[in-house]
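Chemist: Take a look at this one; I'll ask things after.
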Amino acid sequence: MSSTSTPARLDTGFAPAFAALCLGAVAMGISPIFVRFASADMGTTPADVGPFASAFWRVSLCLPLLYAWMRIEERRAPADAPRVRFSKASIVGGIVFAGDLFFWHLAILNTTVANATFFATLAPLFVVLVVWLLLRQQVSRGTFIGLALCLLGGAALIGQSLQADPARIEGDLYGVATAFFFGMYFLAASRARKTAGAARVTFEAGLITSAILLVVALAFDTRVIPQTAQGIAALLAMSYISHAGGQGLLAIALGRLPAVFSSLVIFLEAIAAAVFGWAILGEELTLIQSLGGALILFGIWAARPKAEATLG
């Protein structure tokens, strides 16, 4: 699960890959808006279904689109392009992404949204630690500086709403588990992209994630089928925009950019969520939050891969 990238790949593909990564972060960052609209009139969990069922629908509804994208991508690819089906990395990616969504919903149920979101932003920390300590790969000083700035920025964005409550420690730990599994997804998807296209990696991982979450939803949720048009629309929006768009663009970027740097760019998701909340829902955006967003942007700039560097 390497974070390496050659100078040639950075020179020729950085700009479009970085743009895809930023758009993917924004697509994932708008998902709380869909959740809010889905539950605003019902006072229940998103889309009038249980929390694990909503995660299942989020991933599974867009599988036909991802399959069509995969067929088109591979039809247009050169004959000698790598096309490994259900590689170990893709399978691991699907499993750990299911873990990410499973623990994310447990965190939401057992602690505050602010706490769950804050601990979930620790994902890049796990990526850096695994790459540096377990995979024994060099991590640049700029990456450590960027990580520190992004973590400080994320804390500023969310910190005013954090609550220290011993009764919520279990939910907070679920948030940390969310970060760990999402970090592992970055590494798995990055490895999978070495032997398959972005569409195949996103589709195969999504298929495995859906199968796992379906079992979980049937076991733990009493409401699996959405009952309202509003709920169905919210699930479709989350699936096609936040999952197909967000995860698909992430997979495209991971074919060109190091996993460590890409994980830091996903901090833009927190900025996007705050901006959408301000622009659409009228939520307050304070000066401290704005400074937190600026810190994240500066941290991403500090951690950007250099053309002369080979590790990230």
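Please treat every number below as a calculation from the coordinates, not as lab data. Given the structure is predicted, the values throughout are model-derived calculations rather than measurements. Every residue, glycine among them, receives a Cβ derived from its backbone with ideal geometry; neighbour counts consider all protein chains shown.
Chemist: Which option, [x] 80, 56, 36; [y] 52, 45, 34; [z] 60, 52, 37, is the value of Cα extents along the principal axes in Å that was calculated from these coordinates?
Modeler: Recomputing Cα extents along the principal axes in Å here gives the entry labelled [y].
Chemist: Tally Lys/Arg at +1 and Asp/Glu at -1 over every other residue whose Cβ is under 13 Å from the Cβ of residue 189; what's the total?
Modeler: Result for the local shell: +4.
Chemist: Using a 10 Å cut-off around each Cβ, can you sort 185, 174 from fewest to most neighbouring Cβ atoms?
Modeler: Lowest to highest Cβ neighbour count: 174, 185.
Chemist: Please identify the helices of the chain, taking whole runs of DSSP H, that span at least 24 Å along their own axis as judged from the Cα atoms and have a mean Kyte-Doolittle score of 0.0 or higher.
Modeler: 7-29, 88-110, 141-158, 169-192, 198-220
Chemist: Using Cβ contacts closer than 10 Å as the measure, can you line up 74, 284 from fewest to most?
Modeler: The most exposed by this proxy come first: 284, 74.
Chemist: Moving on. What residues from the range 225-259 fall in the zone where the backbone N is under 17 Å from a label point 7 Å along the Cα-to-C-beta line of residue 195?
Modeler: Answer for this model: 255.
Chemist: Counting helices only, and only those DSSP H runs with n ≥ 4, report the 222 nm mean residue ellipticity of the chain as the sum of -39,500 (n - 2.57) divided by its residues, in deg cm²/dmol to the nearest 500.
Modeler: Values: 15 runs with 214 residues, N = 312.
It lands at -22000 deg cm²/dmol.
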